[in-house]
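First comes the structure, then the notes that go with it.
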Amino acid sequence: MAYLAAMKAQSRLFLALLIITSFQSFATDTVRVMTYNLMYYRSSTSFCDYNVNPPTVKDSAMKAIVAYAQPDIILCQEMSGQDTLGHSALLNNALNVNGVTRWTKIPWQSNGSGIVGGIFYDKEKFQYMSHGIIKKGNDGLNLTRGIDWVHLYYRDSLHGYGKDTVYLRVFNAHLKAGSQTSDENLRNKAAQALITYMYQNPSGAHRIFGGDFNVKTSQEPCYQTLVNPANTSLRFNDPINKPGNWNNVYAHRYVHTQSTRDIQTNGGCFSGGGLDDRLDQILVSDALTSGQAAFTVLPSTYRVIGNDGQHFDDAINANGNSSVPANVLNALYNLSDHLPVVVDIAVESPNVSLVDLKQWHCQILGSLTQGFRIQWNKDMSGTTYQLSNGLGQVLEQGQLSGKQLDLPSQQGLSYLIMAHPIHGRHVIKLL
């Protein structure tokens, strides 16, 4: 009887895999990465203590921002360098709240700095492999702040049955602030240490680097070390390809991340000046921009939450800002003088679960030159969609009505990015 039961189980698995294989061309998920400088989170200084920067206010604000942004990986900067409970406080007071239990974190770590970073991730989508911190530069001396990293693999629904999965290395940094040559040198020292670490510790091509870089121009040595290293296999890329002098330049207003306020407030906690600097960024390795790897960045999804392009050199809430709901705008204003940056990464999983098939089962007809007709087996009304090409340019967007969507002909690889109120985000790669 046990033998028959085992055979029956294997038959069910084989049938499942057979069904899954037939739909493998669109077995794609998306994960959202967010980087955010939390501005002295649970770090009490002479000019920014708990009285003027209360953790309870920051936790409440973070809850609202995360609920709105729906990230799967969060890179945080400016967390307490003395209070090892700071990481746990954010996890328990702002992330795993209101019935949510999907968040976990890497352990607190530091190279001795007064403020440190933190990496949090969705344990339902990613499995932990290892973590660490780059503490020193190539000269053997401490960096201004350590560069955290975590090695994860995507939790494929059939991974337990021996199927392969895909791996991701995520780096998080808060580089030295300041405009002096000495500050630039310290930033470049950290960038060089990262490149050296990747060379000495190869771990696959899927790499993401996010954080508060404190750079004001793409020509700064630090940035050039990252995007134009001597060993091009270690290169990082700006997903939206927006090089230039970002500081206080109106043409770059949509990518500015600091400051949320026009004047210094709360005893100097919050910087002033309004939105005029692109200090916070997310960069990705070559593999994520090729469109052929298991992880593929979707440039059209890269955005600064709360930046509507209408508040250059101004506070984000001056004279209205409808880019986010009112409660989220208030949360962004109250939590930090930085804004969070997000980008979506398409994960082309080697497998797809039957649940995924039930949620997103569809038939794709046509071709790139003729255009596509996508037919679902149920009403998909309420699902928003965005069609973008391999360069991240949006070709078409709207909301689904019924079970069918007709798309125009295209000039090459494109992505249909969909968001359903129940089933979440999904991407179909069109070849």
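The values are calculated or read from the model by the stated rules, or taken from the named source; none is laboratory data. Remember, it's a predicted structure, so these values are computed and weren't measured experimentally. Please note: Cβ atoms are built from the backbone with ideal geometry, for glycine as well, and neighbour counts cover all protein chains shown.
For region 263-285, filtered to residues that are modelled with pLDDT of 95 or more and over 19 Å from G178 (Cβ atoms), the residue that is surrounded by the most Cβ atoms within 10 Å (Cβ to Cβ) is L275. Just one of the listed residues (D148, D183) is surrounded by 14 or more Cβ atoms within 10 Å (Cβ to Cβ), under 20 Å from Q224 (Cα atoms), assigned by TED's automatic domain parsing to the domain that holds P221 and among the acidic types (D, E), and it is D183. From the list A230, A193, the one residue that fits, being closer than 19 Å to I134 by Cα and not basic (K, R), is A193.
Can you spot a residue in region 248-263 that is out of contact with any Phe, Trp or Tyr (no Cβ under 8 Å at 6 or more places or on another chain) and among the small types (G, A, S)? Within region 248-263, one or more residues are out of contact with any Phe, Trp or Tyr (no Cβ under 8 Å at 6 or more places or on another chain) and among the small types (G, A, S).
Filtering region 195-221 to residues that are under 22 Å from the mean Cα position of the chain (by Cα), over 22 Å from L339 (Cα atoms) and not basic (K, R) leaves I195, Y197, M198, P202, S203, G204, A205, H206.
Of all residues in region 241-292, those satisfying the criterion of being assigned to a strand (DSSP E or B) and over 30 Å from P54 (Cα atoms) are N245, L283, V284, S285.
Counting only strands (runs of 3 or more DSSP E) that sit wholly inside region 310-426, those with at least 2 residues that are in the same structural domain as N53 (by TED's automatic domain parsing), of a type in the set (V, I, T) and at pLDDT 75 or above are 341-348. Give me a count of the residues in region 24-41 that are β-branched (V, I, T) and at pLDDT 95 or above. Residues in region 24-41 being β-branched (V, I, T) and at pLDDT 95 or above: 2 in total.
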